[in-house]
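Enquirer: Here you go, one structure.
The values are calculated or read from the model by the stated rules, or taken from the named source; none is laboratory data. On a predicted model such as this, the values are computed, not experimentally measured, just so you know. Cβ placement follows ideal geometry from the backbone for every residue including glycine, while neighbour counts extend to all protein chains displayed. Areas reflect the complete protein model, heavy atoms only, side chains present, ligands, DNA and RNA absent. Shrake-Rupley method; radii C 1.70, N 1.55, O 1.52, S 1.80 Å.
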Amino acid sequence: MFTALGIYLDSFEKPFLERTSEFYAAEGIKYMQQSDVPDYLKHVEVRLHEEHERCLLYLDVSTRKPLVATAERQLLERHISAILDKGFTMLMDANRIEDLQRMYSLFSRVNDLESLRQALNSYIRRTGQGIVLDEEKDKDMVSSLLEFKASLDTIWEESFSKNDTFGNTIKDAFEHLINLRQNRPAELIAKFLDEKLRAGNKGTSEEELEGTLDKVLVLFRFIQGKDVFEAFYKKDLAKRLLLGKSASIDAEKSMISKVKDLLGIFVEHLTSPYHTKKFPSLFQLKTECGSQFTNKLEGMFKVYIFA
């Protein structure tokens with residue numbers, strides 16, 4: 001009726017939106033002070049749904065967009081920084097998938113995913129530094145990084161809708177933190193692989209071992225000092241093969257193939273009759289893997305053999 005008379009906009013909608021803005025401005029401040037972030041986000045979600053339903057039932061369709069925008073502005077836009085400061089780290093530490101998904105969805109409504117992305121970047125670097133820079137925890141560095149990366153990947157997939165920009169942020173932040181101590185992470189990754197590939201890892205199936213290798217190689221991609229990793233890995237591989245300590249020739253073959261693919265390195269195996277007769281596993285690797293060890297590794301083998 002008001003619309004037909006031409007007085008809906010000025011006589012109703014304008015003051016209605018002003019009162020709505022005042023109401024949600026006060027409520028936003030109150031609830032942010034009294035609630036934790038998960039509860040606050042749920043409250044915002046409910047309020048936005050209520051306003052949408054109110055428009056469908058009682059108001060002209062033209063009011064829906066400005067009404068919902070008013071609620072979004074007062075309940076979300078004004079409190080983006082406070083929401084992130086108060087609750088983002090807690091949600092990430094606790095792996096609160098559903099709450100993080102709700103945060104992502106709400107922030108996308110007000111076109112402020114960039115603030116969420118920046119918070120994610122800061123969180124990864126801050127948390128990662130605690131893992132990488134603590135020398136007393138070097139023994140657990142690789143396993144801790146693997147757990148951290150797995151947690152981030154799950155959150156990226158299930159909470160952040162596999163957003164490419166967020167995915168690149170995770171990669172960039174990981175590359176930064178894993179190179180904070182120059183060559184030490186590269187050395188520890190090589191040693192971690194040596195432990196997994198040595199005989200005596202009871203209770204580990206071929207599938208589990210293969211899965212572990214794939215996860216470790218994700219970290220390997222971030223390392224800038226790949227030559228350091230290569231040097232330690234070659235030495236440990238030589239020991240495993242020469243001393244018969246390898247847990248699985250198939251796993252060794254697979255690992256060499258994976259590293260070769262990542263580095264673009266053609267590995268050269270020992271091919272002399274003496275070496276292949278004395279160490280048949282080397283010939284098997286050459287035949288089945290189709291790879292070649294580098295000349296440096298060949299030299300290492302000769303030193304071990306003729307020492």
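Enquirer: State yes or no: is Thr154 farther than 30 Å from Ala251 by Cα and at pLDDT 95 or above?
Expert: When the stated conditions are applied, Thr154 does not pass them.
Enquirer: Got a number for residues in the stretch 49-96 being part of a helix (DSSP H, G or I), over 30 Å from Lys14 (Cα atoms), among the hydrophobic types (A, V, I, L, M, F, W, C) and out of contact with any Asp or Glu (no Cβ under 9 Å at 6 or more places or on another chain)?
Expert: The number of residues fulfilling the criteria is 3.
Enquirer: Next question, about the same structure. Within the stretch 187-203, restricting attention to residues that are at pLDDT 90 or above and hydrophobic (A, V, I, L, M, F, W, C), which residue is nearest to Glu252 (Cα to Cα)?
Expert: Leu193
Enquirer: Let me ask something else about it. Any idea which of Asp99, Asp10 is assigned to a helix (DSSP H, G or I) and open to solvent by 50 Å² or more (accessible area, probe 1.4 Å)?
Expert: Matching residue, one of Asp99, Asp10: Asp10.
Enquirer: Go through (1) under 23 Å from Tyr24 (Cβ atoms); (2) open to solvent by less than 40 Å² (accessible area, probe 1.4 Å) and name the single condition Arg109 misses.
Expert: Against the list (1) under 23 Å from Tyr24 (Cβ atoms); (2) open to solvent by less than 40 Å² (accessible area, probe 1.4 Å), Arg109 comes up short only on (2).
Enquirer: Residue pairs, Cβ under 6 Å, 6 or more apart or interchain, first in the stretch 204-227 and closer than 20 Å to Asp153 by Cβ, second aromatic (Phe, Trp, Tyr). List them.
Expert: Phe222/Phe174; Ile223/Phe229
Enquirer: I need the full set of residues from the stretch 47-74 which are open to solvent by less than 80 Å² (accessible area, probe 1.4 Å) and closer than 29 Å to Ala94 by Cβ, in order please.
Expert: The answer is Arg47, Leu48, Glu50, Ala71, Glu72, Gln74.
Enquirer: Looking only at the stretch 129-183, count every residue that is open to solvent by less than 40 Å² (accessible area, probe 1.4 Å) and not polar (S, T, N, Q) and tell me the total.
Expert: Counting residues in the stretch 129-183 that are open to solvent by less than 40 Å² (accessible area, probe 1.4 Å) and not polar (S, T, N, Q) gives 19.
Enquirer: Got a number for residues in the stretch 219-250 being touching a Leu at 6+ places or on another chain (Cβ under 8 Å) and either in a helix (DSSP H, G or I) or of a type in the set (Asp, Glu) (or both)?
Expert: 13
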